[in-house]
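Structure first, then comments.
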Amino acid sequence: MHAGLTSFLRTRTELMVVEPGELTGDDVLVAHTDRLTPRVVAELRGDGGSTLVPKVLLAGELGENDILTAVECRVVAVLSRARTSGDLLVEAVLSVAPRRGLLPTDLLGQLLDSMRRLQDEPLVRDGADSASLTAREIDVLRLMAQGCDTAEIAAKLCYSERTVKNTVYGLTNRLHLRNRPHAVAYAMRAGVI
């Protein structure tokens, strides 16, 4: 599959195929898989330069939670392998390059439903000192505890810096915490991280 896909993309004059190690933030990574397994997710999250590269995912099947996971891995276009022609794949790659995305309407609906559930249902921890924190807040707090700054957190979680700052502001304001170290200490005492 990889050889055929690479060979096809090389025939298209509007595209230039580069090796994975040569990817930059201006490139698009095309990935293909039957299912979104933990190994595939790890590869999509990437390491080094491929972390920040937008991705087009050509998949055999995707479940409801897979869409959200794919978006967290910076996948900006998802295509069904069974319903995708070569021209549609090229169109997807070209649409991603100017920072747009592409999701079939059924997958877009699943993604929006997942996002609503994540925002509406905070994670509640047991214990007297526990806090109601969303999954996003917990992820940000974990990375803050590891010493990451705003830009590093944004890059690792595929969020904008503004989203990270708003998340930190929201939880410190809501929980009446003074600053980031106070938020990390609070989360550690509550057993959240």
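Yes or no: L143 of a type in the set (A, V, I, L, M) and touching a residue at least 24 places away in the same chain (Cβ under 8 Å)? No; evaluated as a whole, the condition is false for this residue. Any residue in the stretch 118-137 that is in a helix (DSSP H, G or I), at pLDDT 90 or above and under 21 Å from G46 (Cα atoms)? Looking for residues that are in a helix (DSSP H, G or I), at pLDDT 90 or above and under 21 Å from G46 (Cα atoms), one finds none in the stretch 118-137, hence no. Listed by position, the strands (runs of 3 or more DSSP E) contained in the stretch 1-93 that have at least 3 residues being exposed (fewer than 15 other Cβ atoms within 10 Å of the Cβ) form an empty set. Would you please list the contacts, defined by Cβ atoms under 8 Å and residues six or more apart or on different chains, that run from a residue in the stretch 2-20 that is over 18 Å from L57 (Cβ atoms) to a residue that is of a type in the set (A, V, I, L, M)? Pairs found: R10/V17; R12/V90; E14/V90; E14/L94. For the stretch 29-48, filtered to residues that are more than 13 Å from D66 (Cα to Cα) and in contact with a helix residue (DSSP H, G or I) (Cβ under 8 Å, 6 or more places away or on another chain), the residue that is modelled with the lowest pLDDT is R45.
Would the stretch 157-171 turn up any residue that is surrounded by fewer than 19 Cβ atoms within 10 Å (Cβ to Cβ), in contact with a strand residue (DSSP E or B) (Cβ under 9 Å, 6 or more places away or on another chain) and in a helix (DSSP H, G or I)? No; the residues of the stretch 157-171 include none that is surrounded by fewer than 19 Cβ atoms within 10 Å (Cβ to Cβ), in contact with a strand residue (DSSP E or B) (Cβ under 9 Å, 6 or more places away or on another chain) and in a helix (DSSP H, G or I).
If I filter the stretch 168-186 for residues that are under 18 Å from the mean Cα position of the chain (by Cα) and at pLDDT 90 or above, do I get at least one hit? Checked against the condition, which is being under 18 Å from the mean Cα position of the chain (by Cα) and at pLDDT 90 or above, the stretch 168-186 yields no hits at all.
The values are calculated or read from the model by the stated rules, or taken from the named source; none is laboratory data. A quick note: this is a predicted structure, and the numbers were derived from the prediction, not measured. Please note: Cβ atoms are built from the backbone with ideal geometry, for glycine as well, and neighbour counts cover all protein chains shown.
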